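*Asks:* Quick one: the structure is below, and I'll ask about it shortly.
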Amino acid sequence: MSGEVSSAAPPRTPRPRRRTGARGLALGVGILATVLLATLLAPLYLPFDPLEANLPDQYLPPGTDGHLFGTDRSGFDVFSRVVYGARYDLLIALIAIAVALVVGVTLGLLAGYRGRATDTVISRLLDVFQAFPLLVLAIAVLGAFGRGIWITGVVIGVVSAPTFVRLVREQTRTIRDRMFVEAARCSGFTEVQIMRRYVLPANLGVIYTQAATSAAWAILLAAALGFVGVGVPAPLPEWGYMISTGTEGLTRGIWWTSVFPGLAIVLLALAFTLIGESLSRWADPRRRRSR
Amino acid sequence: MVGYTARRVAWVVPILLGVATLTFFVSRAMPGDPAKIFAGSQATDTAIAAIRAQFGFDKPLGVQYLDYLAGLARGDLGTSVRTGHGVLDDLMGRFPATIELILAALTVALVIGVPLGVAAGASARRGAERFARGVSTLGVSIPEFWLGLLLIVVFYSSLDIAPAPVGRLDIGVLAPDGVTGLITVDALLAGDLEVLGNAAGHLLLPALALGLPAAAPIIRLSAEATASLLRSDHLFYTRAIGTPPHVVYLKHVLRNIAPIVTTMTALIFGFLVGGAVVVEEVFAWPGVGLYAIDSLHYNDYAAVQGFVLLAAAVYILLFLAVDLVNTYLDPRKRLT
């Protein structure tokens, strides 16, 4: 920076950078599309059945007998299970985001647009909710209502919703009294119409960004729940659960059973994080300019 | 200011009440009967009924709830079905382990995060910024528990330079009597270097597993704060009069980003009391998180509720403290 500042230039001249995050977005979407295709087409090309145990082949190291990632305690092919497991973690993330969007955006719009009592009630509920250790709450709720892909997704969605509420509420409060919203009010639009046609679109940038970031978080949380043993039920190849069963041989040097599913988690979470970061630069022109 | 403080402090009670209520009803919805688990598989029905009566599980739910709240008001968190001790005693006995772990993790996060963030924010070159961004992007995408397993594989199973990932000390090594309950600090105070080394060895891997991902937000925050600070008139002038770079960074930059980084660190601390749970599980670290997970498996209502309340209280109080300090330092915030 020091070299670029001449005596004529005012100190706040932005650095000449044009970074819109397009590359990060392309990388993120690329990873996501590859993972999606790989897992959906898995039955066509996987050499082993991800749900078929084969005890004699227990704990084969990676590369033996066509087992690219080795086999686990029950002789499951780790590669097949990692590829196949992507569909569960993706589905959980998808359900979670859908739930978080519906709950979070609705409450956020209501709180931000209505203000007054509605805002107070929603904000105070938010205070309570945010104080919770969310992972423990999710574990307790899943313990209470049973396990499964749908319930896991819904629980993660509910604990992710507060972030959306807060973001949408803040954004809505800043545009509530702007001219175009007031004009819509004068023209006799109903409250719901105004929120849907004028307030919601102004929120979309924030919402998309947070959706991608929350998806990454949902993947991590789903894995943690699976690891603790309350996520997706046992035989299904969910990554967190695979890691937890894989740890049995860990101290004996059997690393592949827990390392590969973890890498898959990192890859998918990374894809969503990259997408979220690129979208945030796209959604906020100030950040687009400065870095 | 006094009125504002009083209002904010007054809010803590209803929020904690909300947390307590929600936890109470969620934990009662869990299937399984804690009295049966406590009594063991050989117990007779009368024995189970006696235990149920002893813990008050035979009363109507509403009465149990009121009893629980009345207990809370007296500072009584109930009795753990699993350990047979008071939940408050259980939690207080284990809390130092969790605090030690979190403090160590935050140290890791700050030692890595602040220099990297400042360097990235200050550098005109793209490489540094991209590196810092890459590190923090990766940091938020790694599950802590898996990172912990990875560290165990590398440093325990393969290289054999870390102690077995079980607990805070080797078996046979006694924790020093100390006031803090943080074994490393107590050993240092007692001058017992052997115990200190042992405890630090056990602490290192879990602290890395928790601290490396926690460095991500600190890198990002300090990079952004540094970049915008360097564009300010204040720093422009400081540099223009020829202040040497080490003074610019050590005195002006660090001092100016300190409040925001401190705020972030406090919030991460509050978050980690609940967030350290899975890492405690991986390393069999005897903190409150491991206690909560074990209690969940036993449907130990009171213990789980106690942990949630503790985590929530720490989070709320830290948030409150940060908010009040910031408001005190920056009067503009008092208006909102």
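Just so it is clear, none of the values below were taken in a lab; they were calculated from the coordinates. Nothing here was measured: the structure is a model prediction, and the numbers come from that model. Quick reminder, even Gly has a Cβ in these numbers, built from the backbone with ideal geometry, and neighbours come from all protein chains shown.
*Asks:* Name the most mobile residue of B:V135, B:V26, B:V273, meaning the one with the largest mean-square fluctuation, in a Gaussian network model of chain B with Cα contacts below 10 Å.
*Replies:* B:V26
*Asks:* Need one value for A:136-146: mean number of C-beta atoms belonging to other chains within 10 Å of its residues' C-beta atoms.
*Replies:* 6
*Asks:* If I model a spin label at A:C186 and B:L61 as a point 7 Å from the Cα along the Cα→Cβ vector, what separation in nanometres do I get?
*Replies:* The answer from the label model is 5.3 nm.
*Asks:* Still on this structure: How big is the shadow of the Cα convex hull of region A:89-238, averaged over all directions, in nm²?
*Replies:* 9.1
*Asks:* Percent of Cα-Cα pairs more than 19 Å apart in region B:187-336, please.
*Replies:* 69
*Asks:* Stretched out fully, how many nm does the piece from B:R28 to B:V247 gain, at 0.36 nm a residue minus the Cα gap?
*Replies:* On the way: separation 219, 0.36 × 219 = 78.84 nm, distance 5.89 nm.
Stretched out fully, the B:R28 to B:V247 stretch lengthens by 72.9 nm.
*Asks:* Now for a different question. Quick one: length gained pulling A:A42 to A:T118 fully straight, 0.36 nm per residue minus the C-alpha distance?
*Replies:* Result for the pair: 22.5 nm of gain on full extension.
*Asks:* Mind checking the angle between helix A:200-228 and chain A's longest principal axis? C-alpha axes, 0 to 90 degrees, to the nearest 10.
*Replies:* So the helix axis and the longest Cα principal axis differ by about 30 degrees.
*Asks:* Okay, next question. Need the C-alpha centroid separation for region A:82-106 versus region B:117-140, integer Å.
*Replies:* If you average the Cα positions of each part, the centres end up 30 Å apart.
*Asks:* Using 0.36 nm per residue, how much length does the chain from B:E194 to B:T262 gain when fully extended, once their Cα-Cα distance is taken away?
*Replies:* Length difference between fully extended and current span is 21.2 nm.
*Asks:* Within chain B, which DSSP H helices have Cα atoms that stretch 24 Å or more along the helix axis and a mean Kyte-Doolittle hydropathy of at least 1.0?
*Replies:* Helix filter hits for chain B: B:2-28, B:87-122, B:193-230, B:254-275, B:301-329.
*Asks:* Here's another thing I want to ask about it. At q = 0.09 Å⁻¹, what log₁₀ I(q)/I(0) does a Debye calculation on the Cα points of the protein assembly as shown give, no solvent, two decimals?
*Replies:* -0.84
*Asks:* Given the DSSP H assignment, sum -39500 (n - 2.57) over each helix run of at least 4 residues in chain B and divide by its residue total; what's the result at 222 nm in deg cm²/dmol, nearest 500?
*Replies:* Details: 14 runs with 236 residues, N = 336.
Theoretical 222 nm ellipticity from helices: -23500 deg cm²/dmol.
*Asks:* Relative to 2.2 N^0.38 Å, what does the C-alpha radius of gyration of region B:66-165 come to as a ratio? Two decimals please.
*Replies:* For region B:66-165, the normalised Cα radius of gyration comes out at 1.68.
*Asks:* When averaged across all projection directions, what area in nm² does the alpha-carbon convex hull of region B:93-297 cover?
*Replies:* Details: hull surface 54.6 nm².
Projected area, direction-averaged: 13.6 nm².
*Asks:* Would you calculate, for chain A, the mean residue ellipticity at 222 nm contributed by helices, counting each DSSP H stretch of 4 or more residues as -39,500 (n - 2.57) and dividing by all residues, to the nearest 500?
*Replies:* -22500 deg cm²/dmol
*Asks:* Cα axis of helix A:134-145 to longest principal axis of chain A: angle in degrees, 0 to 90, nearest 10?
*Replies:* In chain A, helix A:134-145 runs at an angle near 60 degrees to the longest axis.
*Asks:* Also, I was wondering about something else. From other protein chains only, count the Cβ atoms within 10 Å of every residue's Cβ in A:246-257, then give the mean. Numbers along the way, then the final one.
*Replies:* Working: counts 1, 6, 0, 1, 8, 7, 1, 3, 2, 7, 1, 0.
Shielding by partners across A:246-257 averages 3.
*Asks:* Expressed as an acute angle from 0 to 90° and rounded to the nearest 10, what is the orientation of the C-alpha long axis of helix A:256-283 relative to the principal long axis of chain A?
*Replies:* Tilt of helix A:256-283: around 10 degrees.
*Asks:* If you look at just the Cα atoms of chain A, how large are its Rg and its Dmax in Å?
*Replies:* 23.3, 77
*Asks:* OK, next. Spin-label point model (7 Å from Cα, Cβ direction): what's the A:R147 to A:L94 distance in nm?
*Replies:* 2.3
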